[in-house]
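Following this message is one structure expressed as structure tokens.
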Number of protein chains: 2
Amino acid sequence: MTHRVLVVDDDPTVAEVVASYLDRAGFTVDRAADGPAALARAAAERPDLVVLDLMLPGLDGLEVCRKLRDEGPVAVIMLTARADEDDRVLGLEVGADDYVTKPFSPRELVLRVESVLRRTTARAPSGPLLRGGSISLDPAARRAAQGDVELSLTIREFDLLAYFLRHPGRAHRREELMRRVWGWQFGDLSTVTVHVRRLREKIETDPATPTLITTVWGVGYRFDPPPDPDTSPHPPRTPDRPEQDPPL
Amino acid sequence: MTHRVLVVDDDPTVAEVVASYLDRAGFTVDRAADGPAALARAAAERPDLVVLDLMLPGLDGLEVCRKLRDEGPVAVIMLTARADEDDRVLGLEVGADDYVTKPFSPRELVLRVESVLRRTTARAPSGPLLRGGSISLDPAARRAAQGDVELSLTIREFDLLAYFLRHPGRAHRREELMRRVWGWQFGDLSTVTVHVRRLREKIETDPATPTLITTVWGVGYRFDPPPDPDTSPHPPRTPDRPEQDPPL
DNA sequence: TCGGATTCTTACGAAACGCGGACGGCGGGC
DNA sequence: GCCCGCCGTCCGCGTTTCGTAAGAATCCGA
């Protein structure tokens, strides 16, 4: 994973040193000496991160930062001459991801670049998604969506749907669902029935004739991922280990 | 330049070994066995750096760290038992400069102490910024801003917001927040509720209908970074630790 | 076609939950 | 010492959700 970094400094010596360190650290490095040049290079190269001197001839560093941010997703590390409180506030305001005060060691700068990139590229808000047909479900975020519309599910409905998505194309007896979703060994099985119905009400286009969660008569329910072009067109295989169920 | 280092650990053996290594490395070493003692020694000796066990009898290590920081500029290296990512996050949130996971080699600890001291004495304290939507937060400086207005947050509110910013788009149970932010294993969970409400009061445009910190019914809360141009429209996958969902 | 078993649908009471408001304690600053 | 901000706790209220019951509808085998 080779990241692109743009170094913006009007001092050729500083830029040279920083660039060479970053280059040796394995980054693809680009350079610019002033604000307009920086914006041009950024537009052309779409860097992942910009090391930006706060003091620039022509355009102000803060202004450049703002414009960069307007262009698209890019991390910014500010270089500021003074360890001044006001500069830090300014950096905060324009949303720099980090800042380094001069004088600084190039080694430290490299570390910060790596740190910021690790942070920003890993800025993945959600976890592994469960998918089935047009339905997607994020267990960590606890949100579910059908197509582009968010589903508002209760806890039980959410857990139930999650279980179905994890075990598609398989019939589940009510006892099993009660045990796996509710965590109860006993309990009124009609509870399962009712919750399946409530879930159907929210995800089936016609709850009266369900196509996603079908009834397996005398057994229980089965979640059938619809034949979507982007899911496997072959008969659904069950990726999970066979379930041994104590006889009712 | 001989630096003063304070070693805080309730295990006499650990404290002894660490202290002797640091002593041989040329540092002036002081020791304390628990939180209150640590604060007392720190107030008296004004050390340059504190090696702090996260697990302490009496006062929590994080709390001690906070109080130390309130006293004045001091570097902190955390000792944490578990190599847990979230512990690291916690340590960094309260502003630890580095952390070492047990078991560790005393030699490595000495290296880190030297490294941190080199770093902290060389420049003014600054740190990476956390961002989420229009909110930016600087853990080291302990300041937060929304857009260009500074937020005046209390300690708890700050730590809570910091935790949310580090884990955006994920649902957090109250127990989890209590553990990660407060550092308590038990405690009245309504405390979390109240602080979330107070935080909302300060960052939500309409606290009655929150959009940043949303309630996940029956679960807890989730920080939803508003649709920023710099986050992808569809949630990408994450390197985050997989989550096992307790079926309740 | 008939009958029993199974599932669907609806409704309702109870419990759980979140929220807002308020209160007392504690510690720091004046 | 006194005041003020922060924190943790508690209480009442409105809302959401859950589990169960009961009647209607459906399915399958005889």
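Determine which member of the set A:161, A:117 is modelled with pLDDT of 95 or more and of a type in the set (A, V, I, L, M, F, W, C). Steps first, please.
Values: A:117 fails: modelled with pLDDT of 95 or more.
Among A:161, A:117, only A:161 is modelled with pLDDT of 95 or more and of a type in the set (A, V, I, L, M, F, W, C).
Six or more apart or on different chains, Cβ under 8 Å: which pairs go from a residue in the range B:174-190 that's closer than 15 Å to residue B:56 by Cα and among the hydrophobic types (A, V, I, L, M, F, W, C) to one that's open to solvent by 30 Å² or more (accessible area, probe 1.4 Å) and within 16 Å of DNA strand C (Cβ to nearest atom)? Could you list them?
B:182/B:156; B:182/B:191; B:184/B:60
Shifting gears a bit: If I ask for residues that are under 22 Å from the mean Cα position of the chain (by Cα), over 13 Å from residue B:76 (Cα atoms) and not acidic (Asp, Glu), which ones from the range B:20-38 would you list? Let's see the steps before the verdict.
Narrowing the range B:20-38 to residues under 22 Å from the mean Cα position of the chain (by Cα): B:32-38.
With the extra rule that they be over 13 Å from residue B:76 (Cα atoms), the set shrinks to B:32-37.
Selection gives B:32, B:33, B:35, B:36, B:37.
Can you find, within the range A:179-205, the residue that is farthest from residue A:159 (Cα to Cα) among those that are aliphatic (A, V, I, L, M) and within 14 Å of DNA strand C (Cβ to nearest atom)? Give the steps one after another, and end with the answer.
If we filter the range A:179-205 for residues that are aliphatic (A, V, I, L, M), which is where we start, we get A:181, A:189, A:192, A:194, A:196, A:199, A:203.
Then drop every residue that is not within 14 Å of DNA strand C (Cβ to nearest atom), which leaves A:189, A:192, A:194, A:196, A:199, A:203.
Values: A:189: 16, A:192: 12, A:194: 14, A:196: 11, A:199: 11, A:203: 14 Å.
So, considering only residues that are aliphatic (A, V, I, L, M) and within 14 Å of DNA strand C (Cβ to nearest atom), the one farthest from residue A:159 (Cα to Cα) is A:189.
Let me ask you something else. Only one of (1) open to solvent by 40 Å² or more (accessible area, probe 1.4 Å); (2) closer than 23 Å to residue A:138 by Cβ; (3) within 14 Å of DNA strand D (Cβ to nearest atom) is not met by residue A:188, so which one is it?
Only one criterion in (1) open to solvent by 40 Å² or more (accessible area, probe 1.4 Å); (2) closer than 23 Å to residue A:138 by Cβ; (3) within 14 Å of DNA strand D (Cβ to nearest atom) is unmet by residue A:188, namely (2).
Now a separate question. What's the number of the only condition in (1) touching a residue at least 24 places away in the same chain (Cβ under 8 Å); (2) open to solvent by 40 Å² or more (accessible area, probe 1.4 Å); (3) assigned to a helix (DSSP H, G or I) that residue A:16 fails to meet?
(1)
Whether any residue in the range A:201-213 is closer than 26 Å to residue B:212 by Cα and within 14 Å of chain B (Cβ to nearest Cβ) is what I want to check.
Of the range A:201-213, the ones closer than 26 Å to residue B:212 by Cα are A:202.
Of the ones still in play, those that are also within 14 Å of chain B (Cβ to nearest Cβ) are none.
Looking through the range A:201-213, none of the residues is closer than 26 Å to residue B:212 by Cα and within 14 Å of chain B (Cβ to nearest Cβ).
Is the range B:228-248 home to any residue that is in a loop (DSSP other than H, G, I, E, B), open to solvent by less than 40 Å² (accessible area, probe 1.4 Å), at pLDDT 90 or above and away from DNA strand D (no atom under 14 Å from the Cβ)? Lay out the reasoning, then the answer.
Here is the first cut: in the range B:228-248, the residues in a loop (DSSP other than H, G, I, E, B) are B:228-248.
Cutting the leftovers down to open to solvent by less than 40 Å² (accessible area, probe 1.4 Å) gives us B:230, B:238.
Those left that are additionally at pLDDT 90 or above: none.
No; the residues of the range B:228-248 include none that is in a loop (DSSP other than H, G, I, E, B), open to solvent by less than 40 Å² (accessible area, probe 1.4 Å), at pLDDT 90 or above and away from DNA strand D (no atom under 14 Å from the Cβ).
A further question follows. What do you reckon, is residue A:30 in a strand (DSSP E or B), acidic (Asp, Glu) and farther than 17 Å from residue A:108 by Cβ?
Working: in a strand (DSSP E or B): yes; acidic (Asp, Glu): yes; farther than 17 Å from residue A:108 by Cβ: yes.
Yes, satisfied.
Tell me which residues, restricted to the range A:134-180, are open to solvent by less than 40 Å² (accessible area, probe 1.4 Å), among the small types (Gly, Ala, Ser) and within 13 Å of another protein chain (Cβ to nearest Cβ).
A:136, A:140, A:141, A:144, A:145, A:162
The values are calculated or read from the model by the stated rules, or taken from the named source; none is laboratory data. These figures come from a predicted structure and were not determined experimentally. As a convention, Cβ positions derive from the backbone with ideal geometry for all residues, glycine included, and neighbour counts pool all protein chains shown. When the accessible area is computed, the model is the full protein with side chains, heavy atoms only, and any ligands, DNA or RNA have been set aside. Shrake-Rupley method; radii C 1.70, N 1.55, O 1.52, S 1.80 Å.
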